[in-house]
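Taken together, the values in this text are just the output of simple stated rules run on the coordinates, not laboratory data. The structure presented is a predicted model; accordingly, all values stated were derived computationally and were not measured. Here the Cβ positions follow ideal geometry from the backbone for every residue, glycine too, while neighbour counts run over all protein chains shown.
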Amino acid sequence: MKPRKEPFISKDSRKIIKKELDNLTNPVSILIFTSEDVNKSFNEFSIKLFTELARMSDKILPEFENLGGELSKIYDITHSPTILIQPDKYHIRLTGAPAGEEFRALLVTLIMASSGVTVLSDASRKRLADLKDKRNIKVFVSPSCPYCPQQAVMAIATAIEKAGFVTTEIIDIYENKDLAAKYNAFSVPQIFIDDRLVGLGLQPEEVFVEEVITATPVKTRPVESSAEKKEIDLLIIGAGPAGLTAAIYAERSGLESVVAEKSNIGGQVAITPIVENYPGFTRIGGKTLMDMMAQQAIQYADIHEGEEVLEILKTEDVFEIKTSRRKYAAKAVLLTTGAESKKLGIPGEKEFQGRGISYCAACDGYFFKDGKKVIVVGGGNTAAAEALYLKNIGVDVTIVHRKDTLRAEMFLQQGLKNNNIPILWNSEVKEIPGDKLVTGVVLENTIDKSQKTIQVDGVFIAIGYTPNNELAKNLGLETDEEGYIKVDPAQRTNIKGIYAAGDITGGIKQIVTAVSQGAVAAMTIFEDISNPYWKKKRA
Ligand SMILES: Cc1cc2nc3c(=O)[nH]c(=O)nc-3n(C[C@H](O)[C@H](O)[C@H](O)COP(=O)(O)OP(=O)(O)OC[C@H]3O[C@@H](n4cnc5c(N)ncnc54)[C@H](O)[C@@H]3O)c2cc1C
């Protein structure tokens, strides 16, 4: 029997893509340059993809060209595949196939290029009107990076808004190792403006626009005092599983709620390759799970991606909140700000972050996939899961752990054994030396204190978490000795009107606990706003 040939785009995906392409208003011309010498599978992918898209919409007009041909010389094309979107109008260049996560960015790009209307806010567009100089933006991405599409779309939107001034190039680091090496870009997204590194990681929109204007790195800008103020019942800070669940429960109870998320919807789960312990799903990609949660939450609450909460002030009746975009007056605030990866705090760690050091295997593992040698530092669930993910995509991975047993679940430990992932026991990383990139690690034996240097291309650090508790500290919330917010069983903190849920409260840091606490918090907030417990006590 002949093996059944899978369609290039599945029936379900085709339906979704077709619906998006139906939004195209004007034709979009696309030039696809390929060569037979390099990146064969990615060239084939690009040709098939644009052929299929053109079949789905008569507004997609692809032309396939050879690298080295006349047109490639005119456009100065040097890498294969390279894709130019609407080259007669804009300077938008995709150096690398728009595969994996990057396909999301491509769809938005096609819609923006077709209409000339971008996703940038009015404030960003107004600010960009001040740009009078030419700018070249380069964004380094990879197909498995959940943060990259949003950054790529912002950069492409800028090229559309400022056509004639801004040229944007989205570069896949795996298919273009020479460019990644030239710019030392080994973590994604990484943003260069006029060949100067301005940002590691996803930038908030207002920060990115400022970086484009100034061509320098910029810190978050505080909101202007004249910014409009929105009055709401509840502000939820963070769109991880706790925040999204709280939003569903709060809105369904009748509370007008906004979720402000400084980065991407999905929190830490969005960077988790595979989740195997969330009931109802035997095995699901973290990003997919969070996309499903977000789709449900968006039906109820306003969720603002890229909006960072900067300050919370308590007044007599409400909380005055400043974010990177606007002000709110809210009757209650729920902190679901989660936690972030702990740093090792050793020489080399800061210098080589993004140059071989990473805290996210799903984002950065791809680059090391052709048998490059990396270590994962840590002994818990995250370290084990990250090591398994890296091994699965073809990375030569070793775990380095300072003890002689792992804390990871037995299931994951068995996975490490089955996959023959070596573990260096009783070993502590003392230094990460490198040149432009990481070249090795200095390990100390925790028993006899002897030191040795081993050569590695990458270091993935998974040694636990620290709570995102800046806002909590500024408010004077009670925390435990590790900085996690103390809450009662109804998720109330020591300050009336302020609640916390999920990883920021410590304890068992898992998706199931985060969602359950998010639901409890929302129900408590509804109760307290309808019938304030502090007034009940006084009566
Ligand atoms: C690599 C990895 C693998 C994991 N695997 C699993 C697993 O298999 N199963 C499982 O159950 N759990 C797993 N976890 C743990 C799980 O991801 C967390 O328990 C869960 O994400 C906690 O949800 P949360 O909503 O409390 O916080 P988070 O998911 O951390 O979300 C907090 C959000 O708040 C935002 N934020 C912070 N400060 C601000 C601010 N000032 N303004 C606006 N937004 C802000 C952050 O950007 C973030 O998006 C894993 C974690 C990691 C890192």
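Tell me the relative contact order for the chain as a rounded percent, counting alpha carbon contacts under 8 Å between residues six or more apart. All intermediate terms of the calculation are to be shown ahead of the outcome.
Values: 1165 pairs, mean separation 60.2, N = 539.
Once divided by the residue count of the chain, the mean separation gives 11 percent.
Membrane-span-like helices in the chain (whole DSSP H runs, Cα extent of at least 27 Å along the helix axis, mean Kyte-Doolittle hydropathy of at least 0.5): 511-530. Computed from the C-beta positions of Glu44 and Gln451 and an R0 of 35 Å, the FRET efficiency is 0.15 to the nearest 0.05. The chymotrypsin sites (Phe, Trp or Tyr not before Pro) of the stretch 1-99 that meet both conditions, a loop assignment by DSSP and at most 16 other Cβ atoms within 10 Å of the site Cβ, are Phe8, Tyr75. Relative contact order for the stretch 138-263: 20 percent, from Cα pairs under 8 Å spaced at least 6 residues apart, divided by residue count. Across the stretch 162-270, the convex hull enclosing all Cα atoms gives 157 Å³ per residue. The length gained on full extension between Asp37 and Ala490, counted as 0.36 nm times the residue separation minus their Cα-Cα distance, comes to 156.9 nm. A simple spin-label model places pseudo-atoms 7 Å from Cα toward Cβ; at Phe64 and Leu437 they are separated by 3.2 nm.
Which pairs, out of Lys262/Lys327; Lys342/Lys473; Lys331/Lys509; Lys40/Lys436, put more than 21 Å between their alpha-carbon atoms?
Values: Lys262/Lys327 15 Å; Lys342/Lys473 18 Å; Lys331/Lys509 28 Å; Lys40/Lys436 29 Å.
Exceeds cut-off: Lys331/Lys509; Lys40/Lys436.
For the chain, what is one quarter of the convex hull surface built on the Cα atoms, given in nm²? All intermediate terms of the calculation are to be shown ahead of the outcome.
Numbers: hull surface 111.9 nm².
One quarter of the hull surface, i.e. the mean projection, equals 28.0 nm².
What FRET efficiency comes out for Ile508 versus Ile74 if R0 is 45 angstrom and r is the Cβ-Cβ distance? Round to the nearest 0.05. Don't skip to the end; give the middle numbers.
Numbers: r = 60 Å, r/R0 = 1.32.
Once rounded, the FRET efficiency stands at 0.15.
For Glu478 and Glu276, the difference between the fully extended length at 0.36 nm per residue and the C-alpha to C-alpha distance is 69.4 nm. For the pair Asp370 and Glu351, the difference between a 0.36 nm per residue extended length and the Cα-Cα distance amounts to 4.4 nm.
As a length-normalised measure over Cα pairs under 8 Å and 6 or more apart, the relative contact order of the stretch 423-539 settles at 13 percent. What is the list of residues in the stretch 117-140 whose amide nitrogen lies under 16 Å from a point 7 angstrom out from the Cα of Lys89, following Cα to Cβ? Counting only backbone N, you get 117-120.
For a Förster distance of 30 Å, can you work out the FRET efficiency between the beta-carbons of Ser115 and Arg283, rounded to the nearest 0.05?
Values: r = 39 Å, r/R0 = 1.29.
Taking R0 as 30 Å, the efficiency between Ser115 and Arg283 is 0.20.
If you count the DSSP beta bridges with both ends in the chain, what percent of them are antiparallel, to the nearest 5? Present the calculation step by step, with values, prior to reporting the outcome.
Values: 42 of 93 bridges.
Here the share of antiparallel DSSP bridges comes out near 45 percent.
How much of the calculated P(r) for the stretch 352-399 lies past 13 Å, in percent of all Cα pairs?
Details: 555 of 1128 pairs.
The answer is 49 percent, as a whole percent.
Entry note: the stretch 241-333 has Rg to Rh equal to 1.04, where both radii use alpha-carbon atoms and Rh is the Kirkwood radius.
So for the stretch 417-491, Kirkwood radius off the Cα pairs, Stokes-Einstein at 25 °C and 0.890 mPa s: how many µm² s⁻¹? Could you put the intermediate results ahead of the total?
Details: Rh = 16.2 Å.
In µm²/s, the coefficient is 152.
For n ≥ 4 DSSP H runs only, could you compute -39500 (n - 2.57) per run for the chain, divide by its residues and tell me the 222 nm figure to the nearest 500?
Values: 16 runs with 167 residues, N = 539.
Result for the chain: -9000 deg cm²/dmol, rounded to the nearest 500.
Counting only residues at least eight positions apart within a chain, or on another chain, the lysines with an alpha carbon under 23 Å from that of Lys89 are Lys59, Lys73, Lys126, Lys132, Lys134, Lys138, Lys162. Counting only residues at least eight positions apart within a chain, or on another chain, the lysines with an alpha carbon under 19 Å from that of Lys11 are Lys19, Lys48.
The distance separating the Cα centre of the stretch 253-307 from that of the stretch 148-177 comes to 26 Å.
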